[in-house]
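Visitor: Below is a structure I'd like to ask you about.
The values are calculated or read from the model by the stated rules, or taken from the named source; none is laboratory data. The shown structure was predicted, so the numbers you read here are calculated from the model rather than taken from an experiment. Cβ atoms come from the backbone with ideal geometry, glycine included; neighbour counts cover every protein chain shown. Surface accessibility is based on the protein's heavy atoms, side chains included, excluding ligands, DNA and RNA. Shrake-Rupley method; radii C 1.70, N 1.55, O 1.52, S 1.80 Å.
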Amino acid sequence: MKAAEAMEYMIQLQGSGIRPGLERIKSLLDRMDNPQKELKFIHIAGTNGKGSTLAFISEILKSSGYRVGRYISPTIIDYKERFQVNSKKISEAMLVKGVEYLKSVIEAMEAAGEDTPSAFEAETALAFWYFKEKKCDYVTLEVGMGGSLDATNIIPAPLVCVLASISYDHMSFLGDSLSEIAAQKAGIIKKGSYVVSQFQHEEAMRVIEATAQECGCPLSVVDEAAIKSERAAGFKDGGLNKDRIKQVFSYKNYKHVELSLLGRYQQKNAALAIEVVEALRKQGVHIPEEAMRLGLKNTEWIARFQIVADRPCIILDGAHNEEAAERLAETIDFYFTNSRIIYIMGMLKDKEYERVAQLTADKAECIFTVTPPNNPRALPAITLAETVKKYNPKVTAADSPEEALEMASLMAGRDGVIIVFGSLSYLGKIMELIQDGSGQDKRRSKITP
């Protein structure tokens with residue numbers, strides 16, 4: 001099997017769609033000798049912030065000298081990003097080896113008349129196999145959707161069950177109320193684990209507290225009042241102030257903690273990671289304070305208010321639901337009080353696109369909408385433009401991401417700010433265009449990554 005054939009096989013599995021439940025992955029992993037039972041996990045659920053929190057925890061453990069597996073989805077640029085060890089993507093050779101093995105097991109299931117796994121279930125099993133092969137000390141594991149019936153929940157009791165911020169998302173699968181959604185996400189809590197949670201809405205917090213108590217798990221919650229912002233990264237005249245490309249905050253006894261990730265909300269995610277460190281230390285995991293600080297400082301995370309170019313300043317952000325849009329709006333107000341803001345927006349049709357538009361549209365001088373390419377759930381650019389028009393009349397539906405980036409660059413000039421946000425499924429394409437130098441006004445200076 002070649003790399004292209006391996007990818008084609010994994011793409012074929014996507015035809016089965018989303019199918020919550022643990023029966024199929026249990027059967028699959030039983031045939032693979034249950035590699036997950038030989039790994040130690042930090043399991044992370046939530047609506048917003050779980051990816052950034054996972055990145056913080058992974059870097060902290062890596063800085064402490066451990067071999068750390070990292071399983072994430074979706075990915076932005078490269079499929080191999082889903083499977084990482086110490087921040088390095090799986091090699092092509094190992095991916096092919098893993099998919100060949102996976103394919104043989106699934107074919108055996110088919111021959112036995114068993115229900116075969118979904119793409120996400122297969123990928124999750126592949127991740128467990130890979131991390132066992134690489135002899136990882138710890139694995140940071142991000143829930144795909146929900147928690148209790150998510151494929152990742154097949155693992156034994158993790159060292160720490162982490163609950164990032166919980167809000168409304170995937171309601172057709174998880175429920176219409178915050179308590180129903182929280183119950184699904186708190187389903188990752190298992191007897192024998194420590195539980196660490198972001199400070200939640202009261203409705204969600206009650207569910208988490210009750211579940212932790214029922215399972216006999218100690219619970220710690222981020223103290224938002226103890227987060228003290230000291231300095232934030234700065235922008236000047238539409239461009240990045242390169243002398244201040246970090247933010248500094250304190251949390252409890254930890255003073256002057258540096259972050260390279262932008263956005264005030266990242267301080268809350270970092271505080272959550274610090275609470276996870278404390279829970280791991282209580283279980284005998286050696287994490288020096290210097291390693292914790294270095295890990296937080298060195299953490300990078302694609303498309304989370306990420307600056308990818310300067311002059312014009314271009315920022316990518318995966319804000320695709322109400323809470324994420326609120327955070328994006330707050331961050332724009334904080335960093336860009338006197339800047340010309342140009343948006344590029346692309347959304348999926350099953351997301352809260354009207355609410356996202358309502359919360360963000362008035363901050364932009366003009367907006368270009370795009371249809372996320374190669375995604376059956378993509379919301380057409382014209383439909384999004386009609387929605388955005390209710391809140392900002394200066395909106396244009398672009399024919400492609402290339403056209404959107406070119407028109408936005410023309411409008412922004414050198415001193416404007418282009419914010420590209422919405423579905424993660426098209427942000428990788430925008431990043432590729434910027435790296436290729438495409439989508440820029442050829443009469444202006446080159447977009448500088």
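Visitor: Where the second residue is assigned to a loop (DSSP other than H, G, I, E, B) and among the basic types (Lys, Arg) and the first is surrounded by fewer than 24 Cβ atoms within 10 Å (Cβ to Cβ) and modelled with pLDDT of 95 or more and lies in region 136-148, which pairs have Cβ atoms under 6 Å and are six or more apart or on separate chains?
Guide: Taking only residues 6 or more apart or on different chains, the pairs are 136/67; 137/67.
Visitor: Another one. Which residues, counting only those in region 295-319, are within 21 Å of the chain's Cα centre (by Cα) and either more than 26 Å from residue 88 (Cβ to Cβ) or modelled with pLDDT of 90 or more (or both)?
Guide: 295, 296, 297, 298, 299, 314, 315, 316, 317, 319
Visitor: Next question. For region 53-103, give me each residue that is within 18 Å of residue 5 (Cβ to Cβ) and among the polar types (S, T, N, Q).
Guide: 91
Visitor: Which of the residues spanning region 288-312 are of a type in the set (Asp, Glu) and more than 10 Å from residue 56 (Cα to Cα)?
Guide: Result: 289, 290, 310.
Visitor: Filter region 262-276 for residues that are open to solvent by less than 10 Å² (accessible area, probe 1.4 Å) and either without any contact (Cβ under 8 Å) to a residue 24 or more places away in the chain or not in a helix (DSSP H, G or I) (or both) and give the result.
Guide: 262, 263, 274
Visitor: Still on this model: Pull out all pairs, ordered by first then second residue, where Cβ-Cβ is under 7 Å, the residues are six or more apart or on different chains, the first lies in region 151-169 and is open to solvent by less than 40 Å² (accessible area, probe 1.4 Å), and the second is basic (Lys, Arg) and in a helix (DSSP H, G or I).
Guide: Going by the 7 Å Cβ cut-off, the qualifying pairs are 154/26; 163/185; 164/50; 166/185.
Visitor: Next question. Can you name every residue in region 324-337 that is open to solvent by 10 Å² or more (accessible area, probe 1.4 Å) and within 24 Å of residue 59 (Cβ to Cβ)?
Guide: 324, 327, 335
Visitor: I would also like to ask the following. Out of 95, 102, report the one residue that is crowded, with 16+ Cβ neighbours inside 10 Å, of a type outside the set (D, E, K, R) and more than 28 Å from residue 430 (Cβ to Cβ).
Guide: Of 95, 102, the one residue that is crowded, with 16+ Cβ neighbours inside 10 Å, of a type outside the set (D, E, K, R) and more than 28 Å from residue 430 (Cβ to Cβ) is 102.
Visitor: Among the residues that make up region 421-435, is at least one of them part of a helix (DSSP H, G or I) and modelled with pLDDT of 95 or more?
Guide: Looking for residues that are part of a helix (DSSP H, G or I) and modelled with pLDDT of 95 or more, one finds none in region 421-435, hence no.
Visitor: Hey, another quick one. Kindly list the number of the only condition in (1) of a type outside the set (A, V, I, L, M, F, W, C); (2) under 20 Å from residue 145 (Cα atoms); (3) in contact with a Lys or Arg (Cβ under 7 Å, 6 or more places away or on another chain) that fails for residue 35.
Guide: Here residue 35 meets the rest and fails (2).
Visitor: Which of (1) free of Cβ contacts under 8 Å to residues at least 60 places away in the same chain; (2) closer than 20 Å to residue 299 by Cβ does residue 76 not meet, given it meets every other one?
Guide: Only one criterion in (1) free of Cβ contacts under 8 Å to residues at least 60 places away in the same chain; (2) closer than 20 Å to residue 299 by Cβ is unmet by residue 76, namely (1).
Visitor: A follow-up question, please. Can you tell me which residue within region 185-210, out of those that are assigned to a strand (DSSP E or B) and either of a type in the set (Gly, Ala, Ser) or open to solvent by less than 50 Å² (accessible area, probe 1.4 Å) (or both), is farthest from residue 54 (Cα to Cα)?
Guide: 195
Visitor: So if I check each of 21, 65, 46, which one is of a type outside the set (D, E, K, R) and surrounded by 22 or more Cβ atoms within 10 Å (Cβ to Cβ)?
Guide: Just a single option satisfies the conditions, and that option is 46.
Visitor: Follow-up. Taking the condition in a strand (DSSP E or B) and out of contact with any His (no Cβ under 8 Å at 6 or more places or on another chain), does residue 290 pass?
Guide: No: the conditions fail for residue 290.
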